[in-house]
Structure formats: structure tokens, C-alpha cells
1. Need the list of aspartates and glutamates near LYS24 for cross-linking: C-alpha distance under 16 angstrom, and skip anything on the same chain fewer than eight residues off.
2. If you count only protein heavy atoms and use a 1.4 Å probe, how large is the accessible surface of VAL257, to the nearest 10 Å²?
3. With springs only between Cα atoms under 10 Å apart, run a GNM on the chain and tell me which of GLU219, GLU63, GLU135 wobbles the most.
4. Let me have the relative contact order for the stretch 77-201, percent, based on Cα pairs under 8 Å that are six or more residues apart.
5. Springs between alpha-carbon atoms under 10 Å, Gaussian network over the chain: tell me which of GLY88, GLY152, GLY137 tops the mean-square fluctuations.
6. How far, in nm, would the chain grow between ASP62 and LEU20 when pulled straight, counting 0.36 nm per residue and subtracting the alpha carbon separation?
7. What order do ASP84, ASP73 take when sorted by accessible area (1.4 Å probe), most exposed first?
8. Could you report the accessible area of HIS150 in Å², rounded to 10, computed with a 1.4 Å probe on the protein chains as they sit in the structure?
Amino acid sequence: MRLKTDVFPLNYIKSIWAPLTAFKNRFKLNWLMITVAILFLNALLVIPVTLNYADMDSFPLDEYYPNAVRLIDNQVVNELQNVDVNEGTMSIPEPFYVDNAHGEIIGGYSMEELSNLVSSPNFIAFQENQLVIGEEGLPTATVLYTRDVHFGEMETKEQVVEEISRQWFNQNRVLIVLVFSFLISSFLLFMLLFIVFGSAFLLYLTKKGHLTTIKTYKESVNLILNSLGVPTLVAMIYGIFHFDLYIMVTIQTLGLVGYLIYIWYKVQFNDDRLNNLTS
């Protein structure tokens, strides 16, 4: 049985590969198809975002708990050098309590003892199988140690902060990936809508000069979407190997401009010129 290429989404996919085809097939999509095509293009750019955050080993904890991170100082590092860590279990031979201007750090105390010891809303508590992070105005985070936790090997406060961040990220990886994918996806969708409908409006205005054969705004939107297909694919592939959101959006935008310039150079957005060129 022969595959029909005039049905969506095959008709859209067939229209994106060459600038003149993108112009010729600017009548193929209705508004529902246009909506789906916009979401599809946006999803392509979100793929590198999701892969990038899913592949991370750590996340800067000060983005969520800035005051708690400030608690780590050299005294805390010295106390942690005395602990023994094995297969995700921390043995603290001598419980410790460190109080500084930012809050409290304690180690080796149970949850029951913790409530009696801690008076500051900002604290970090190292326990046998978990650490507890508290910060004013935020929910208390309880983070189970991974089997490769290595606080006892830390020599600087930066290393301790990095390890706390890694432990926290490992437990909250799925949530962080979902949150950041959603936020960046929303940003990319806003940018895409601005590019599509803004560019289409400018293109639609050319009909006033009677130089082009573009008659409706929907034609303009369809043409912009057709012209964005390949640049968006290129931006996605680039983002998978070298994630940089700014460069990805730049590739997408410049690719669109390149398509439109080529169409103007060859046929001036005019069907008669296109027919003469292809006949």
C-alpha cells in the first residue's frame, strides 16, 4: 500500500527540507495543524535541555538553600575529616556542634536530639544515613546518602559544599529535571511564538506592495513554520552535543532568515516566478 504524504504530519515534514518547497507548500496546514507543528518544534528544542539536566552529576545547592550553604566553614571541614564513611553509612565517633553567624552545623545527633539542639532556622545536620538541611522560609530537606558518599575525604569547604550538592541532586534529580525542563520549555515556547507570529506578520505586510502572492496571514504562518523545520532540527542536534541555549536559538533564527532570504532571492515570494523556475 502506498504511503499518503498529503496527510499531516507527513505533509509538513515533506515541506521543510528545501526553501522553495517550504514556500510552495504554504497552504498545507490548517490552524490546528499549525498549533501541533509549533508544539513539535518546541519539543525538539526541549530534548537537549532534558538530556543536559538528566546527565548532570551535581547542582549548585546555593540556588535553593543559599543561607544553609554559607554555614560550611573550615571548622566544619575539620570535624568531617574525623568521620568514617562506608557504603553510604557515616560513623561519627564524636558528635559535634558548630555555631556561626549564619546558623548551626551539627553531626552525630539523632532527630530527637536535633529538635532540642537547633535554635536557628538555618542548619545542616549530618546523621548516620542522611543529612538534614534547614533554611528559613523553605521546607526542611532530608537527603539519604548514596553508597559512594565521601565526606570524610573532604579537605576544603568548597569540596564539602559540592558533595552536599551532589547528594541533594541525586535524590531530587527527577524533580529538578522536570522543573527546569518545564521552565525552559515555557521560555522557548514564548520565543517560538514571538518568532513565528511576528515574522509571519511582517511577511504578510508584503502583500500590500503587490510583489508577492502571499494573500493570507495563515499562509505566512505556514511558510514560517515550514522554514523553521530544518533550522530547529540543526539546533536540536547541536544542543545534544554542545548544550548552549543561546546558540541553539541563534541557529534556529538565523536558519529561518536564511530560508526567507533564499526564497526572496529566487522567486520574490511569488508563485508565478516559482512556476517559471520549476517549469
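The values are calculated or read from the model by the stated rules, or taken from the named source; none is laboratory data. If you're wondering where the values come from, they're calculated on a predicted model, not measured in any experiment. Surface accessibility is based on the protein's heavy atoms, side chains included, excluding ligands, DNA and RNA. Shrake-Rupley method; radii C 1.70, N 1.55, O 1.52, S 1.80 Å.
1. Within the straight-line cut-off, LYS24 pairs with ASP6, GLU219, ASP271, ASP272.
2. We get 70 Å² for VAL257.
3. Comparing GLU219, GLU63, GLU135 in a Gaussian network model of the chain, the most mobile one is GLU63.
4. Numbers: 155 pairs, mean separation 26.7, N = 125.
Here the relative contact order equals 21 percent.
5. GLY137
6. On the way: separation 42, 0.36 × 42 = 15.12 nm, distance 5.05 nm.
Roughly 10.1 nm would be gained on extension.
7. Working: ASP84 90, ASP73 40 Å².
If we order ASP84, ASP73 from most to least accessible, we get ASP84, ASP73.
8. Its accessible surface works out to 60 Å², give or take rounding.
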